[in-house]
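Quick notes on the structure that follows.
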Amino acid sequence: MLGGFYASVALGLTLVFGLLNIVNIAHPAFVVLGSFLVYAANAQWGVDPIAMGVILTPLFFLLGMATYSVYHASFEKRDNESLRGLAFFFGLMFIIEVGLILQYGVDYRLVNAPYIGKVINLGSVTLPLRMLVPFCVALVMALGIFLFLSRTYLGRAIRAVAQDQLALQLVAADPVRIKRIAFGIAIATACVAGALLIVINPVEPAAGRVYIGRIFAIVVLGGMGSVRGTVAAAIVLGIVESVTSTIYSPSWAPAVAFGFLLFALAVRPAGLLRR
Amino acid sequence: MANSLHIENVVAGYGAARVLDGVSISVSAGETVGLLGTNGNGKSTLIKCIMGMVQPTAGTIRVEDDGRSVDLVGQTPEQVVESGIVLVPEGRRLFPDLTVGENMMLGAYRRTARADVERNRALCFDAFPVLKERQNQLAGSMSGGEQQMLAIARALMSSPKILIVDEPSVGLAPILVGRMMTKIKELKDQYGLTVLMAEQNFHQASRIVDRAYVIVGGRIAFEGKSAEELRNNELVKQYYLGGEA
């Protein structure tokens, strides 16, 4: 169940890191930003958190396009992408975090929705709806992104852009525009992921940091740029972590998760599912 | 569709190195024109100028499209392709991690080509049945000859008004070069394409071109009005057919 949420966060990073080769370590910070905007709407007007997450996607799409434009103009165009680009996203992460702290303080925030707190019983298994609903939403989003990438002209161009930019120009597609749109879509998915995060757990401004390592691990494990692989890796990692925290203790969960990543990469260096 | 390409006095280079020194060529509608020359004489640079990948420092490049004249100088490659001039690039430049089918569909990215995507796909599969068989295989896993077919198919998916082919023989076994030339001619005859082909393999290229320019040191050294005239030219003999240097 946790895997569904991981998948929703990792999806955006799969687009940006897996397909565009941009190391956006601020991605989880965008997720948390999404969480807080959803929280604000929920606290103020009682709007359903997931609906709010979806409503906010156009805003995040524009935010993502703007972020990419700045990144492109200041780093990518001058071939400074790797290290200084990383610093750029690191700075962006801090700006988002500090901005949230100034606005909302460092306390944990949570939302109210009819399905939070309810459970359904399937035989001996109890499923809390606050886990099940995000899981389903994440899968629907992943399916949407998968179909978009495989069935549309724009989606195929996004998958091609890191492979050969000149060849893309020769089929009449502008690579910078394609990347800008892809980045916008990735940040839009972060907004939905943020809504899912605050449904699952209370959120504080620096909550994104906990996930950075895990999310990058999922993208790598998923085969860098494969939506199916990302979802599979996220679910597997979620299961491994849940089992570990039930059997041993929750503090072991990240260690076992990373051990699993190392093991998986040793056995299948190209990721769980190859592209 | 009356489309023709007119290049006049184009000068271009990289930094201080002048590669093209006043080149003028023209390609009329329905023609197959060869641009022949050995490596380093400016064939690829001229093609890059046409495609907007290199900007010439002087001269004009125009395309006549149903009576309208469009200036290509200063346009980006995307804009040149959008206007109907499609390149099969040297080295093929496929997307290796996408499937054959996906590579072809990317060819149809061009706005005006999207309406004809089904017709063009059928046409390409008809011309290259092997691509149909291998639709779901990754482009990077195919042989050189198959990749060249895919590169041509991807260009045809763009519904080109003028097709430019840069060095189709590079990296192919000699027997495949001949087949590739025959195929280009077949496609041209069947669909009434206008073709400009840069090639260093004189023998093979002269089989299919209507006429050709020989480019030496950044200038057009000779213009052959027919394949016959090309073969009998002293300069060509000297450069290609083992005459005295």
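The values are calculated or read from the model by the stated rules, or taken from the named source; none is laboratory data. Note that the structure is predicted; figures quoted are calculated from it, not measured. Glycine gets a Cβ as well: all are built from the backbone with ideal geometry, and neighbour counts include every protein chain shown. For accessibility, only protein heavy atoms count, side chains too; no ligands or nucleic acids. Shrake-Rupley method; radii C 1.70, N 1.55, O 1.52, S 1.80 Å.
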(message) The conditions are (1) at pLDDT 90 or above; (2) not in a helix (DSSP H, G or I), and A:Val23 fails exactly one of them. Which is it?
(response) (1)
(request) Please give the number of the condition A:Ile95 fails out of (1) open to solvent by 30 Å² or more (accessible area, probe 1.4 Å); (2) touching a residue at least 24 places away in the same chain (Cβ under 8 Å). (result) (2)
(request) Would you tally the residues in segment A:20-57 being under 17 Å from A:Met93 (Cβ atoms) and of a type in the set (S, T, N, Q)? (result) 2
(message) Only one of B:Gly40, B:Gly30 is away from chain A (no Cβ under 14 Å), without any contact (Cβ under 8 Å) to a residue 24 or more places away in the chain and in a loop (DSSP other than H, G, I, E, B). Can you tell me which?
(response) B:Gly40
(request) Being out of contact with any Gly (no Cβ under 7 Å at 6 or more places or on another chain), at pLDDT below 95 and at negative phi narrows it down to one of A:Phe30, A:Phe89, so name that one. (result) A:Phe89
(message) I'd like the full set of residues that are crowded, with 19+ Cβ neighbours inside 10 Å, in contact with a Gly (Cβ under 6 Å, 6 or more places away or on another chain) and within 8 Å of chain A (Cβ to nearest Cβ), limited to segment B:75-100.
(response) B:Pro77
(message) Residues that are of a type in the set (S, T, N, Q), touching a helix residue (DSSP H, G or I) at 6+ places or on another chain (Cβ under 8 Å) and open to solvent by 40 Å² or more (accessible area, probe 1.4 Å): list the helices (runs of 4 or more DSSP H) wholly contained in segment A:101-199 that include at least 2 such residues.
(response) A:165-169
(request) Return yes when A:Pro205 is more than 14 Å from chain B (Cβ to nearest Cβ) and open to solvent by 10 Å² or more (accessible area, probe 1.4 Å) and no when it is not. (result) no
(request) Determine which single condition B:Val70 fails, assuming it passes every other condition in (1) more than 9 Å from chain A (Cβ to nearest Cβ); (2) in a loop (DSSP other than H, G, I, E, B). (result) (2)
(message) Tell me yes or no: at least one residue of segment B:23-33 is over 15 Å from the mean Cα position of the chain (by Cα), within 27 Å of B:Met181 (Cα to Cα) and surrounded by 22 or more Cβ atoms within 10 Å (Cβ to Cβ).
(response) yes
(request) Out of A:Ala66, A:Ala51, A:Ala40, report the one residue that is among the hydrophobic types (A, V, I, L, M, F, W, C) and under 21 Å from A:Ala206 (Cα atoms). (result) A:Ala40
(message) Here is a list: A:Val192, A:Val171, A:Val176. Which entry is touching a Gly at 6+ places or on another chain (Cβ under 7 Å), of a type in the set (A, V, I, L, M) and within 14 Å of chain B (Cβ to nearest Cβ)?
(response) A:Val171
(message) Just the residues that are on the phi > 0 side of the Ramachandran plot and touching a residue at least 12 places away in the same chain (Cβ under 8 Å), please, taken from segment B:14-27.
(response) B:Gly22
(request) Search segment B:225-245 for residues that are under 21 Å from B:Glu31 (Cα atoms) and pair each with any residue that is hydroxyl-bearing (Ser, Thr, Tyr) and modelled with pLDDT of 75 or more when their beta-carbon atoms are under 6 Å apart and the residues are at least 6 apart or on different chains. (result) B:Ala227/B:Ser206; B:Leu230/B:Ser206
(request) Examine segment A:68-87 for a residue that is assigned to a helix (DSSP H, G or I), within 15 Å of A:Lys179 (Cβ to Cβ) and under 16 Å from the mean Cα position of the chain (by Cα), and state whether such a residue exists. (result) no
(request) Keeping to segment A:240-272, report how many residues are surrounded by 12 or more Cβ atoms within 10 Å (Cβ to Cβ), of a type outside the set (A, V, I, L, M, F, W, C) and either more than 23 Å from the chain's Cα centre (by Cα) or at negative phi (or both). (result) 8
